[in-house]
Amino acid sequence: MKLIVFCLFTVYCCSLVKASPLERKKLQEVLRELKMLKRDLPNTELMMNTPPKDIEDCCCLTALTCFRETLLEHFGISGKYQKKLYKSLNHTLTINGLNFCNTETSTNNCSTCHSHPKEKASEFFNRLESLVQRVRLFQIYFRKLYIKY
Amino acid sequence: MMPARLLLLLCLIGPVFAEKSPDVDCLVVNLEYISCTWNKTGTPEVNYTFYSKLGNDQWKICNHYLTENNMNIGCNQPGDRFKTFKTRLIYGNNNFEKSHELKKQVKLNPPTNLTVLNGSDFNLWFYWNYTSPAPLHCVESEVRFRTNNNNWDFSKVSAGIQKYCINLPSSSSRYELQVRNRVDDTCGESIFWSDWSEPVVWASNNSTYSDDSMSPWTPVMYVVGAITLILLAMILLHHERLRIILVPVVPKPSPFLHNIEDWFQFSKGLKDNFKPNYNERACPVREYNYVSQSDVVSSDGSTCSVTTDQTDCSIEQDPEDLSAPIPSNPVSSEEVQKASV
């Protein structure tokens, strides 16, 4: 019995180690699909509800949801890259990678999607790209130095 | 009319006396801190007070000024390049505020500990380290190397890789390599590359390579080669037969019918050498028809048989007198016709 528990615990720990590179690859995939969609953007003058540039750490997931739903509303999932991007933004690995919030901080102060002002589509995609680039591992490294100052 | 003219005059001379607004430039240094300076057009004339605001935070005064000639010219402060960054310079009643986009304004420190190893696969391996806090997968590199102080060759190295290989280096060559890096596209690509690292040089122990890049035997070889070339040219000019063998003459046909021997531009002496120096008598050949013995008898009663004759070349005969009959019993074709009738 003890041996089984030990083996299961080892497998669980290994899965945690393996998850980080998978999250990183998933986020890279999102950036790639985003770049392709930006390139094929049909209407650059389109105005869309865009989360702010300065998103609090605990509001990143709310912002991700807003980006995803706004994309669905304006572009749908009929196109090849639209469909891929929507699925990638909805993936568990993407959500885990952008979860900068610790459980102690509340997420009630995050704005709703429709309360965000409308911006041009190019600005919408730029902000989504910046959000994805704030990968979890990178944030951890920078956080340590921020505390040092 | 007068107030309008006065106003116009004030508008024209006003900018002359107005204080020039300082231009603040900010850069994220090695992803560790943000460095802002306002001395691009020269040392400022007054000491400004610097404030910065990151995202939705409050305005903060500068704690660490950069100075030049006892004047404040810049400030280092912590920050997050993904958030909005605003700066404010205040002197008296003057307030100059500016907003900055810092995501791509990053300059990393150059790579360090650049080393070279001669691998067991006979390739040259270069390794280096990063000093920035960014994860390895966020930093891409660029390598430049040159052989024997020639022009630099550039090569990109993907993010996360801290080594470079030169295949099968020459043991008589000198290799010099430098590396620089920047933030990768997937982590917010920086528009600035870092400075080049300190160079590392590799040259084989057995090589006699020196900075002047010329061996003492090289001019000797050049002189020997030149002399050989001159001697070869002289030999070809004076020995016609050798020249014809090495460089055969291409015949130049002309539209006029000439003697084919004239196509080859040989000297008279060479032509004569190709002519035979002996005379061979030509053997005259005649055709004789075979006539059977019975036909010959019915024609003139004579009994003589003839056979196809072959000229006997062993008999000496003047080649000019080819029409003289040959001592045998040939029958011409006319006599054969008479016999048959």
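The values are calculated or read from the model by the stated rules, or taken from the named source; none is laboratory data. Keep in mind it's a predicted model, so treat the numbers as computed, not measured. Positions of Cβ are backbone-derived with ideal geometry, glycine not excepted, and every protein chain shown enters the neighbour counts. Side chains included, ligands, DNA and RNA excluded: accessible areas come from the protein's heavy atoms. Shrake-Rupley method; radii C 1.70, N 1.55, O 1.52, S 1.80 Å.
Scanning residues 5 or more positions from B:W193 or on other chains, none has an amide H under 5 Å from its amide H, with H placed 1.01 Å from N in the peptide plane. Roughly speaking, what is the centre-to-centre gap between the stretch B:142-198 and the stretch B:55-121 when only Cα atoms are used, to the nearest Å? Answer, in whole Å: 26.
State the answer as a single residue: which of B:L232, B:S204, B:V220 lies farthest towards the positive end of the charge dipole of the stretch B:136-252, with beta carbon charges of +1 for Lys and Arg and -1 for Asp and Glu, about the Cα centre. Among B:L232, B:S204, B:V220, the one farthest towards the positive end of the dipole of the stretch B:136-252 is B:L232.
For the stretch B:25-48, a decrease in accessible area of 10 Å² or greater in the assembled protein chains relative to the isolated chain, with a 1.4 Å probe, applies to B:L31, B:E32, B:Y33.
For the peptides B:161-167, B:114-120, the ranking by packing is B:161-167, B:114-120, with the highest mean count of neighbouring Cβ atoms within 10 Å listed first. In terms of distances greater than 22 angstrom between alpha carbons, the cross-link table entries A:K53/B:K86; A:K26/B:K107; A:K35/A:K80; A:K35/A:K120; A:K83/B:K156; B:K53/B:K104 yield A:K26/B:K107; A:K83/B:K156. Hull volume per residue, based on the alpha-carbon atoms of the stretch B:25-105 and their convex hull, is 95 Å³. Put a dot 7 Å past the Cα of B:H239, heading toward its Cβ, do the same for B:I161, and the two dots end up 5.8 nm apart. B:Y290 contributes about 150 Å² of solvent-accessible surface, heavy atoms of the protein only, 1.4 Å probe. Close amide-amide hydrogen proximity is noted between B:Y288 and B:D309, each under 5 Å apart and 5 or more residues distant or on a separate chain (H modeled in the peptide plane; Pro and chain starts excluded).
The accessible-area ordering, largest first, of the residues B:H100, A:H74 stands as A:H74, B:H100, per a 1.4 angstrom probe.
Plainly put, the stretch B:107-203 has a radius of gyration that is 0.99 times its Kirkwood radius, both from alpha-carbon atoms, as the Rg/Rh ratio.
A 1.4 Å probe, protein heavy atoms only, puts the accessible area of A:K25 near 130 Å². Here the extension length gained between B:W152 and B:L229 equals 24.1 nm, from 0.36 nm per residue of separation less the Cα-Cα distance. In order along the stretch B:228-236, the Karplus-derived 3J(HN,Hα) couplings, from 6.51 cos²θ - 1.76 cosθ + 1.60 at θ = phi - 60°, round to 4, 5, 5, 4, 4, 5, 5, 4, 5 Hz, and Gly and Pro are given as x. If you roll a 1.4 Å probe over the stretch B:107-203 with all protein chains in place, what percent of the accessible area is carbon or sulfur? C and S fraction of accessible area: 46 percent. Calculated FRET efficiency, B:D23 to B:E198, Cβ-Cβ distance, R0 = 22 Å: about 0.10 to the nearest 0.05.
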